[in-house]
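The values are calculated or read from the model by the stated rules, or taken from the named source; none is laboratory data. Not measured: the values here are computed from a predicted model. Quick reminder, even Gly has a Cβ in these numbers, built from the backbone with ideal geometry, and neighbours come from all protein chains shown. Each accessible area value is taken on the protein alone, full model and side chains, heavy atoms only, with ligands, DNA and RNA left out. Shrake-Rupley method; radii C 1.70, N 1.55, O 1.52, S 1.80 Å.
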Amino acid sequence: MKRLLTTALIAIFSLAVSFAQNVDLEIHNPIIPGYHPDPSICRVGNDYYIVNSSFQYFPGVPIYHSTDLVNWEQIGNVLDRESQIPLMTADSYGGIFATTIRYHEGTYYMVTTNVTTGGNFFVTAKDPKGPWSEPVYLKQGGIDPSFLFEDGKCYMVSNPNGIVLCEIDPVTGEQLTESKVLWYGTGGRYAEGPHIYKKDGWYYLLISEGGTEMGHGLTVARSRDIWGPYESNPVNPILTQFRQVSQGHQIQGTGHGDFVQAPDGSWWVVFLGFRRYGGDFHHLGRETFIAPVTWSNGWPVINDGQPIMEEMTVKASWTAATPAKKAWKEEFDSPLGFGWVYLQNPEMSRYKMDKGRLTLTGNIPLADRDHPTFVGVRQESPAIQVETKVRLDSPKAKAGLVVYQNHNGFAAIRFSKGKAELHFKLKSIDTVLGELPVKGKEAVLGVVSSDGNMYEFTIDGKPLGRLETSLLSSEVVGGFTGVVLGLFAEAGTASFDYFDYQEK
């Protein structure tokens, strides 16, 4: 009788879910735009949390919250103390790599790799807003570590040589078993980004292959035993834009994903991708996207096998408001918000906020990787208008506004006594694209990108120069990050009155 009742309840629940999932949910990809790569997601009740890689920037690992999977708000940064994230002179190939967030018995876990120093580690918190603990370092190497909690045990996967599994102590980090190779993937290069899930008696191993460029994708294998052997999905890859049907789409490079199950039983996947501008180039960085997941013959199917689009309508049991374009003005009259980042660990004596002004003291050129004076925000839309007002507070001051990809590629309005110049740095190229005389010690600096293909720079409303966005793309400059719009000082002292960011 109990078995019949249980079967009947399951049938009723399944029927209720199928009826509930008939509402059109409008998805606007990317859900977290701009430089937000390697997303990992977890759900606790009706709340979802996403974390992202942060590389050479401090604070590290932005964390976002949502209740509808469409609208996301940054609620903090997981690594907000230098003791958690020593970055030394990390560049955009260093620092904090891919992250995983998980929740188990009242505790949140974030596990990641500091490739510059320390290796794999995890931190914990009772509240995802923080504070998060000091790092607990892990023996098993590789990158892209992930946890699975089951039956009182904590399993860790990473990729030192293939996808490797061990059991650890989730308090001390001690490795409790030998590491075992589970899978090498389907033969694509760079098998990485592993996560393990348990569903219907199967362990599913989701990984990325192909490298985080145009040929990126997701593949999956499964086993009845967590230790293997794992069988590959016969229709791998389950996600890629590297096909004829999607070769002309703006969104490319989709991969490095993480599954989550909603309260109504539906499945979803978040993953990285990038949007191309000016040809096969992306300058905004790898962004966070989402798509629905269904199951067929015991295997996950992403977006019904169709290409990922910026605007998608899918069936769900809830609706969500359309995210608004961002428009805000920082007046420097209160502590900087969560979205502001520094290059490496900042020397805070060079950053002062007082009476509605942010004062920066310069030390070295922007091209130097040893803690330049810089603070900025991610460019999250291809079409933006940014403006700031700067005052030179010392005779030899050099300061300004920069479109920064990394130390090898940026375009900066450098304001100094009597002039402003547009400084362009591209690897061994270091040149001035435009110059104008400036009277006085104050100037209004601006940058506009109307369509994602060109940056236009101004000083006091006058044109200073133009630059194609492709020249600051990852394909040209290199690195794993994206454009950050920043304020800087290379010498002397300068103060900024405001920072105005508008998405067009």
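Using +1 on the beta carbon of Lys and Arg, -1 on that of Asp and Glu, and nothing else charged, what's the dipole of the stretch 218-285 about the Cα centre, debye to 20?
The calculated dipole for the stretch 218-285 is roughly 200 debye.
Within the shell defined by Cβ-Cβ distances under 14 Å, the residues around Gly285 carry a net charge of -1, with Lys and Arg each +1 and Asp and Glu each -1. Note on surface exposure: Glu442, Glu73, Glu105 rank Glu105, Glu73, Glu442 by accessible area, highest first, 1.4 Å probe. A 1.4 Å probe, protein heavy atoms only, puts the accessible area of Asp370 near 80 Å². The C-alpha atoms of the chain define a longest principal axis, and helix 2-20 lies at about 40 degrees to it.
What is the sum of charges around Tyr190, taking Lys and Arg as +1, Asp and Glu as -1, for the other residues whose C-beta is under 12 Å from the C-beta of Tyr190? Write out the running numbers ahead of the final one.
On the way: positive: Arg189; negative: Asp144, Glu192, Glu209, Glu213.
Result for the local shell: -3.
Ignoring any ligand, DNA or RNA, what whole percent of the accessible area of the chain comes from carbon and sulfur when the probe is 1.4 angstrom?
Values: 10630 of 20220 Å².
On the chain, the fraction of accessible area on carbon and sulfur atoms equals 53 percent.
Put Arg81, Arg369, Arg350, Arg466 in order of accessible area, highest first, and with a 1.4 Å probe you get Arg466, Arg369, Arg81, Arg350. Distance from the C-alpha centroid of the stretch 230-285 to that of the stretch 352-404: 35 Å, rounded to the whole angstrom. With a 1.4 Å probe rolled over the protein heavy atoms of all chains, the accessible area of Glu490, Glu475 falls in the order Glu475, Glu490, largest first.
Here r is the Cβ-Cβ distance between Ile364 and Asn161 and R0 is 51 Å; the resulting FRET efficiency, rounded to 0.05, is 0.85.
Checked against a 22 Å cut-off, the cross-linked pairs Lys352/Lys396; Lys326/Lys462; Lys355/Lys389; Lys153/Lys199; Lys126/Lys180; Lys325/Lys462 give Cα-Cα distances beyond that limit for Lys326/Lys462; Lys126/Lys180; Lys325/Lys462. Placing dummy labels 7 Å off each Cα toward the beta-carbon, the span from Lys504 to Glu456 is 0.6 nm. The dipole here belongs to the chain: it is taken about the Cα centre, uses +1 on the Cβ of Lys and Arg and -1 on the Cβ of Asp and Glu, and is about 480 debye. Take every Cα pair under 8 Å whose residues are at least 6 apart in sequence, average their separation, divide by the length of the chain, and the relative contact order is 15 percent. In this simple spin-label approximation, Ser133 and Lys441 carry label points 7 Å from Cα along the Cα→Cβ vector, and these lie 5.1 nm apart. Taking all protein chains as shown and a probe of 1.4 angstrom, Ser317 keeps an accessible surface of around 40 Å². Taking 7 Å steps out from each Cα toward its Cβ at Ala324 and Val181 produces label points 5.4 nm apart. Rolling a 1.4 Å probe across all protein chains gives Asp460 an accessible area of roughly 80 Å².
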